[in-house]
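Report on the following structure.
Where a number appears in this text, it was derived from the coordinates with a stated rule and is not lab data. Everything numeric in this text was worked out from a predicted model, so none of it was measured. Here the Cβ positions follow ideal geometry from the backbone for every residue, glycine too, while neighbour counts run over all protein chains shown.
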Amino acid sequence: MRHLIYILLLSYQLSSFACQCKGIENLKDEQKASYEYSDLVFIGEVISVGESMKYKEEGWFDNKTYKIEVVEGFKGTKSGETLSGYSLTSCSSYPKSGTWIIYANKNDEGNITFSSCGLSRSFKEPERIFYNDYIPPPPPKEKWINWQAEDDLDVTILRSKIRVKAAQDLKKEIQWLRTMK
């Protein structure tokens, strides 16, 4: 019984750190809402990513810090600015490297943050958002039972098609954002 209580408490603690993202049903509606509710919308190039000892000592679950240079600003910022930000929870995110589109908010200290559930994403992996059209359906049960080596190729093809669609959608999104300036 003691082991069961320990397991339940541990699973509760672990689930309390997990971020629950709702799938995006309509990308255009989400783009409009994200633009409206974000302080800053821009394309940026990651300069650096690190950790903050201050936040680590304060016991934050995640303590990533980053600097990003604005390549093209759409709202609240302009090209050439360098912005600092941080990710302290499982629901906040940070740009790992490369070029990103960012929908962010600014805090009182002037740092930016953005949600891992939002539309901020890397140009290298534009499919990495919670948009339902980018999540491949699971294979039918028959495929699992009679899995063949070439079935892996079908999965690769499907993922490639999703990635192409995501890149095309991101390109349209940037074109739309340029009209919002």
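Using a ≥ b ≥ c from the Cα gyration tensor of region 104-181 (square roots of the eigenvalues), is it rounded, prolate or oblate, where a/c under 1.5 gives rounded and otherwise the larger of a/b and b/c decides, a/b for prolate?
Judged from the Cα gyration tensor, region 104-181 comes out prolate (a/c at least 1.5, a/b above b/c).
Along the charge dipole of the chain, which of Gln20, Gly85, Gly44 sits closest to the positive end, that is, farthest toward it, with unit charges on the beta carbon of Lys, Arg, Asp and Glu (+1, +1, -1, -1)?
So the residue furthest toward the plus end is Gly44.
Assuming a viscosity of 0.692 mPa s and a temperature of 37 °C, what translational diffusion coefficient in µm² per second does Stokes-Einstein assign to the chain, Rh being the Kirkwood radius over Cα pairs?
The Stokes-Einstein estimate is 177 µm²/s.
Tell me which residues come under 5 Å, amide H to amide H, from Ser116 once H is placed; ignore anything under 5 positions away on its chain.
The answer is Ser92, Ser93.
Roughly how far apart, in whole Å, are the Cα centres of region 18-39 and region 110-148?
Here the answer is 14 Å between Cα centres.
Pull up the cross-link candidates among the lysines for Lys22, meaning alpha carbon to alpha carbon under 19 Å and not fewer than 8 places away within one chain.
Cross-link targets: Lys32.
Using θ = phi - 60° and the Karplus curve 6.51 cos²θ - 1.76 cosθ + 1.60, what whole-Hz ³J(HN,Hα) does each residue of region 144-150 get, with Gly and Pro shown as x?
For region 144-150, the Karplus-derived couplings read 5, 6, 10, 4, 10, 4, 5 Hz, x marking Gly and Pro.
Quick check: from the Cα gyration tensor, does region 74-122 come out rounded (a/c under 1.5), prolate or oblate?
Oblate.
Evaluate region 137-180: find the radius of gyration of its Cα atoms, find its Kirkwood radius, and give the ratio Rg to Rh.
1.29
Using a 10 angstrom Cβ neighbour count of at most 12 plus a DSSP loop assignment to flag exposed GluC sites (Glu not before Pro), which longest range of the chain is free of such sites?
Longest site-free region, per DSSP loop and neighbour criteria: 59-108.
Take each uninterrupted DSSP H stretch in the chain, measure its Cα extent along the helix axis, and return the ones at 24 Å or beyond whose mean Kyte-Doolittle hydropathy is at least -0.5.
151-180
Taking Lys161 as the anchor, which lysines have their alpha carbon closer than 16 Å to its alpha carbon, excluding any fewer than eight residues away along the same chain?
Cross-link targets: Lys124, Lys171.
Below 15 Å, Cα to Cα, which aspartates and glutamates can Lys64 reach? Residues fewer than 8 away in the same chain don't count.
Reachable aspartates and glutamates: Glu51.
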